[in-house]
Structure formats: C-alpha cells, structure tokens
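A.B. asks: Questions regarding the structure given below will be posed in turn.
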Amino acid sequence: GEQEVKSLIELAVRQLTGEKVEGYCKVISNFEASIDACKKEEKRLKEKRQAKEKRVEQLKDALLKGMQAARLEKVNAGIFTVLVSENPPHVVYDGKAVVPASFYKTADPVLSVERVRDALKSGMEVPGCSLERTKVLRIK
C-alpha cells in the first residue's frame, strides 16, 4: 500500500544519478511541450466554437427578421417548426439614473491573501492563518 510506495520512492531517490535526473527532466520537458500544444489547441477550438456560435446567432436573427417582415408567426419547414414568440420581460438600464442601493447584490466576502500575508509578515496575528514556505523544483 502506501508504505510500499514510500519505500519505492526512497529507494529511487537513493539511486538518483545524473543520468536518471536527466531522464526525468526529458520526460518532464516532453510533458510540458504536450501541455503547451494542448493549450494552443484549446484556444483554437474555443475560437472556432465562438465563430460558429456567432454565425448561429446571425442566422437566427436573419430568420427572425425575415419572418417578422413577412408577418409570419409560424412556419412548418420539413422536419422543423419555426415560431416567433415573445421572450419574458427583461430589465433595460440606461446607465444614467441612480438606482437605489437596495436593488444591488452585495458581493460575498473574499479573503485577501495579499493582505493576510502582509499582516503576518509584519508580525500581526491573523486567526486561522499562518505563513508557510514550500519547496519547488526548478529545471533550467
């Protein structure tokens, strides 16, 4: 179980040589390159999806305007039935008037890690918080 894994890790650490460390670094480098490629592909696919979503909205808008111009409420088109219907009412705010505070949502408080860190560094105590230093592996 867990103890066996720890024993294997300890054994591997004792056997680390320059060659083995280089092997680890090569594998890590390959994974990082793969991660970068995935991120680029995610970005490309996101842009492609957004372009298609925009095109769908344009087509729907054109169809709606065409049906409204022809004063059509319903069209049976093969396997599709297209209807022009009313949306529920939505709020339109002109941005000029002062809306009373009671109509605003209050944001949930979010812990400011920066403020807590600065307070702890200056010697102040913050309940439930402490500073901790961890180790990081840097490969150059």
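A.B. asks: Can you name the residue in the stretch 85-139 that is open to solvent by 100 Å² or more (accessible area, probe 1.4 Å) and of a type in the set (Asp, Glu) and, of all such residues, is nearest to residue 25 (Cα to Cα)?
C.D. replies: My answer is 132.
A.B. asks: Does the stretch 82-140 hold any residues that are in a loop (DSSP other than H, G, I, E, B) and of a type in the set (S, T, N, Q), and which are they?
C.D. replies: 85, 87, 106, 112, 122, 130, 134
A.B. asks: For residue 42, are the conditions met, namely being open to solvent by 100 Å² or more (accessible area, probe 1.4 Å), acidic (Asp, Glu), modelled with pLDDT under 95 and over 30 Å from residue 84 (Cβ atoms)?
C.D. replies: No; evaluated as a whole, the condition is false for this residue.
A.B. asks: I'd like to know if the stretch 61-81 contains one or more residues that are closer than 23 Å to residue 138 by Cα, over 28 Å from the mean Cα position of the chain (by Cα) and either among the β-branched types (Val, Ile, Thr) or not in a loop (DSSP other than H, G, I, E, B) (or both). Let's see the steps before the verdict.
C.D. replies: In the first step, residues of the stretch 61-81 are kept if they are closer than 23 Å to residue 138 by Cα; the result is none.
No, because not a single residue in the stretch 61-81 is closer than 23 Å to residue 138 by Cα, over 28 Å from the mean Cα position of the chain (by Cα) and either among the β-branched types (Val, Ile, Thr) or not in a loop (DSSP other than H, G, I, E, B) (or both).
A.B. asks: Just to be sure I understand the filter: pairs with C-beta atoms under 8 Å, separated by 6 or more residues or on different chains, first member in the stretch 50-64 and within 17 Å of residue 83 (Cβ to Cβ), second member surrounded by 10 or more Cβ atoms within 10 Å (Cβ to Cβ). Which pairs pass?
C.D. replies: Here the result reads 63/82; 64/84, each pair linking the stretch 50-64 to a residue that is surrounded by 10 or more Cβ atoms within 10 Å (Cβ to Cβ).
The values are calculated or read from the model by the stated rules, or taken from the named source; none is laboratory data. The structure displayed is predicted, hence computed values, not measured ones. Cβ atoms come from the backbone with ideal geometry, glycine included; neighbour counts cover every protein chain shown. Ligands, DNA and RNA are excluded from the accessible area calculation, which covers all protein heavy atoms including side chains. Shrake-Rupley method; radii C 1.70, N 1.55, O 1.52, S 1.80 Å.
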